[in-house]
Amino acid sequence: MTNITYKCPACGGALRYNPKNGKFSCDYCGNSYDNVEEVLSAHEIKTEDSNQGAESESTLYTCPSCGAELVTSSTTAATECYYCHNPVVLTGRLSAEFRPDSVLPFTVDKETAKAELAKWIKKHRYVPEDFKSEKNLDSITGVYYPYWLADYDAFASFEGEGTRVITTTTPTHIITRRQYFRVIRRGKIKFKNLERPALGKADRKLADGVHPYRYDGLRQFEEKFLAGFMAEKRDVEKSDVSESFESECKGYVRELLTRGCRYSSLSGHTNVNFTNSDYRYTLLPAWIMTYRHKGKSDKVYYYAMNGQTKAVCGILPIDKKKLFAHSAIIFGVVAALLLLGGYFIW
């Protein structure tokens with residue numbers, strides 16, 4: 001496995017991908033570059049071979065910037081050094097069959113993500129003070145999660161019977177007529193960008209809650225987009241999701257073929273033959289923050305934001321002491337008003 005840190009040609013500092021302007025920026029000297037090729041031509045990328053060639057549940061790697069030895073899970077593909085905070089891309093994790101076909105780059109930067117999180121928290125009164133502290137807000141992390149995207153071409157048909165009921169009322173009778181029609185519909189159908197998670201770990205479930213994404217921003221995958229972000233490698237195979245994709249397509253067919261049929265009732269059956277399919281292993285961006293609320297349950301709370309659309313999903317912790325204190329004050333005020341009102345009535 002090879003670890004890569006993209007270095008600034010001007011000062012040697014680590015470069016990060018900046019979602020705001022789509023360039024690669026240096027945290028130290030402030031220079032920015034349009035593409036990694038510009039960096040490659042001016043300065044050699046610093047690489048370091050991993051200390052462990054075979055993958056396991058936990059993998060030891062060496063930071064190419066400070067030499068620290070760090071441990072990652074087997075699905076981590078990009079991270080940053082806990083000691084020097086330089087971004088590191090574990091390129092060996094994304095080679096051969098594990099190399100993504102496409103990536104949807106972040107368009108929301110960290111400062112914007114923090115501001116949106118703070119705005120979301122303000123809407124809730126009983127959030128613990130340490131949850132909305134600057135230290136906690138700064139822990140929000142950009143993560144690329146792996147997904148399978150699929151396109152399908154299909155030839156489908158529907159055959160059945162439609163019934164049209166016409167009721168006429170006269171001064172002396174109610175006349176009901178039923179008309180029966182044989183309904184046959186056939187056509188070619190295209191399904192685009194069907195989506196399934198390619199990571200089985202539980203921590204990606206919240207990230208699924210910030211969908212949908214706009215796929216018009218998809219780019220061909222390059223490691224440079226991972227610089228400065230975390231990234232997960234897929235652990236779900238294409239064969240594990242193909243049946244689910246086909247089942248979803250079949251669920252849409254009847255509605256698509258019978259759209260516009262104006263019958264009182266319609267019964268029949270559909271048939272679908274898939275003529276072509278195209279799968280793409282894709283990385284999608286999300287800002288993630290976790291918070292451990294210390295208490296009797298010591299529960300961990302998660303917050304996620306779509307790295308493209310700013311859609312949010314999460315469950316906020318409740319400061320029960322603050323809630324009970326406010327409730328007690330409200331109860332006291334109401335009780336005092338009732339007693340005072342009763343006194344005047346008496």
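Bear in mind these aren't lab numbers, they're just calculated from the coordinates by the rules spelled out. As the structure is a prediction and not an experimental result, all values here were calculated from the model. Here Cβ is always computed from backbone atoms with ideal geometry, including for glycine, and neighbour counts include all displayed protein chains.
With 0.36 nm allotted per residue and the present C-alpha distance subtracted, the Arg177-Asp101 stretch has 21.5 nm of extension available. Here the stretch 195-236 was treated as a single set of alpha-carbon atoms; its pair distances binned every 10 Å from 0 give 21, 51, 28 percent. Strictly over 21 Å apart at the Cα level, which of Lys123/Lys201; Lys135/Lys233; Lys110/Lys135; Lys7/Lys201; Lys224/Lys310 would you flag in this model? Pairs exceeding 21 Å: Lys123/Lys201; Lys135/Lys233; Lys7/Lys201; Lys224/Lys310. Annotation: extensible slack from Val236 through Asp138 equals 32.2 nm (criterion: 0.36 nm per residue apart, minus Cα-Cα distance).
Taking the Cα centre of the stretch 145-315 as origin, sum charge times position over the Cβ atoms of Lys and Arg (+1) and Asp and Glu (-1), and report the length of that vector in debye to the nearest 20. Provide the component values of the computation, followed by the final result.
Details: 29 positive and 20 negative charges, 140 e Å.
It works out to roughly 680 debye.
At full extension, Glu111 and Arg219 could sit 36.5 nm farther apart than now, given 0.36 nm per residue minus the alpha carbon distance. Packing here is the average count of other Cβ atoms within 10 Å per residue, and on that basis the peptides 101-112, 182-193, highest first, run 101-112, 182-193. Coupling constants for the stretch 231-242 follow from the phi torsions by the Karplus curve (6.51 cos²θ - 1.76 cosθ + 1.60, θ = phi - 60°), and in residue order they are 8, 10, 9, 5, 10, 10, 7, 4, 5, 6, 10, 4 Hz; glycine and proline get x. For Thr76, nonlocal amide neighbours, meaning residues 5 or more places apart or on other chains whose placed amide H falls under 5 Å from its own, are Lys233. Pair-distance distribution of the stretch 145-315: all C-alpha pairs, bin width 10 Å, starting at 0; shares per bin in whole percent are 8, 25, 23, 17, 13, 8, 4, 1, 0.
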